[in-house]
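For reference, the structure discussed in these notes is given below.
What follows is calculated from the coordinates using simple rules that are stated; it is not laboratory data. Note that the structure is predicted; figures quoted are calculated from it, not measured. Glycine gets a Cβ as well: all are built from the backbone with ideal geometry, and neighbour counts include every protein chain shown.
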Amino acid sequence: MAEQESQLDENFPLFSRKPKPSPLVTATTTTVADNTTTDHLQFVKHTSSNTDNTRLTFADLGLSDWALQTCKELGMKKPTPVQQHCIPRILAGEDVLGLAQTGSGKTAAFALPVLHRLAEGPYGVFCLVVTPTRELAYQLAEQFKALGSCLNLRCAVIVGGMDMISQAKMLMQRPHVVIATPGRIKVLIDQNPDIPAVFSNTKFLVLDEADRVLDVGFEDELRVVFNCLPKNRQTLLFSATMTDNLQSLLEVSANKAYFYEAYEGFQTVDTLKQQYVFIPKSVKDVYLLHILSRMEDMGIRSAIIFVSKCRTCHLLGLLMEELDHDVAELHSHKSQAFRLSALHKFKSGKVSVLLATDVASRGLDIPTVDLVINYDIPRYPRDYVHRVGRTARAGRGGLAISLITQNEVELIHDIEKEIGKKMELFECKENEVLENITQVFNARRVAKMKFSDGGFDEIEKTRKAQKMKSLAEKGLLNKKNRKRKRKTIVNKVED
Ligand code: AMP
């Protein structure tokens, strides 16, 4: 055990090497370390306001010609601020933590330099990306493939809900890039003694949505992953929101890592219009249907409706079906094949409305999404920021409408306080909204019956039992333990 722990300590630090200064970036940075010596120059904090350089091109960042050509073909004319700052640092061999708003180009900020290095010497699994949700893993794979289209890139997606034997086989073929969710990669490493060796030469570990990956619950998974990776790898963390864990990590990693911040708390982009309707709970569905009926008039191509629970998602799905609305449903009580097909239908424009739980709130990048509806108000402002970040991406406009009932007023105040913005009223005429009330109520009655007959409660019971078992195994069942675990993970990172 002691031996195991000392091994862990050697592998666990996220930030392991002393960074080399890059002339390009040093010229535009501000150093916040008090006792700045040449050796301790590198805890460099950026804010986008004082360091954006709109004249910088991808070529200035030091990327290869093939990468420049690919960016051009993908319509990426100039690097976004997070790319301007992080790409040269990553190319210089540094560990990087990039904090920037949703939709600001974080994926290319790490994928481009990783691919640049990979093209110089491709062997073994060159990069492991860990991301919190399955859908994000597939999206990241698509982005890696697009950015590395001229490299014959071999990319493997390792996520729960898919066949483990074929995933193990895929890993044994040593793809260049592995994109995984924490739970499934842990199980594969644990169960197959040949798999750890696959990562023995890995050069990059990326934690995408790092705040979530470092959050409570993934400690065991991360420990197993870190144990397989060489100590001299580069570690890249990217996130759109800050958490205590990330903050602690920053505090302990001062002088060791580059830290880019285009983040001033829970910010939403200025191109996002944020509105609300205050309504009685009993007519929530009626209002929702009214808003959807106005999508075309408002010039909205597609919309995501966020709900807090899987059962609400499914019930709304049945309601929509009853009202002849073709929608896609995405939540964790569906099989992975169903989830992928739902997302595909939505992305390809076959359906214009996606009903989803927070499983879809992070990272998903679907340019046609012009509207996000919060059918339920999220309990934490951080989740609100991620949800509404599915629209108004990459400088485009977008609209978020929150359906607020009496019990949710406090939550909205908390959100407004955190984002530093007041939501505006979404204008609608009550008589027009209530025109279809009988039709919606009737459809809801049928939907409820179908819901009861469909065996959803049993699925939910089984899932709950599985979840409780897994939490109990991790010792995360009571609050006290959760707090202790949270501290542990940060302490381990400190090691
Ligand atoms: P991300 O924040 O990585 O999810 O990226 C958000 C969107 O911005 C994606 O659709 C990217 O393809 C796009 N994007 C990323 N970098 C650039 C760039 N330099 N110029 C234009 N679009 C970009």
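Annotations
- The range 376-472 - percent relative contact order, Cα under 8 Å, separation 6 or more: 23
- The residues neighbouring Gln439, those whose beta-carbon lies less than 12 Å from its own, together hold a net charge of -2 under the Lys/Arg +1, Asp/Glu -1 convention.
- Note: the range 371-466, Cα convex hull, 170 Å³ per residue.
- If you take the alpha carbon atoms of the range 272-451 and fit the smallest convex hull around them, that volume is 111 Å³ per residue.
- Per-peptide average of other Cβ atoms within 10 Å, ordering 458-469, 441-452, 107-118, 388-399 highest first: 107-118, 388-399, 441-452, 458-469
- Burial order of peptide ranges 416-422, 287-293 (average beta-carbon count within 10 Å, highest first): 287-293, 416-422
- Structural size metrics of the range 262-357, computed from C-alpha coordinates, are Rg and Dmax of 14.8, 45 Å.
- Inter-part distance, the range 91-133 to the range 265-293, computed on C-alpha centroids, equals 35 Å.
- Set Lys273/Lys347; Lys77/Lys169; Lys72/Lys345; Lys186/Lys309 screened for pairs whose C-alpha atoms are more than 32 Å apart: Lys77/Lys169
- Relative contact order of the range 272-451, defined on C-alpha pairs under 8 angstrom at six or more residues apart (%): 34
- Charge context of Cys71, other residues only, Cβ under 14 angstrom, K/R +1, D/E -1: 0
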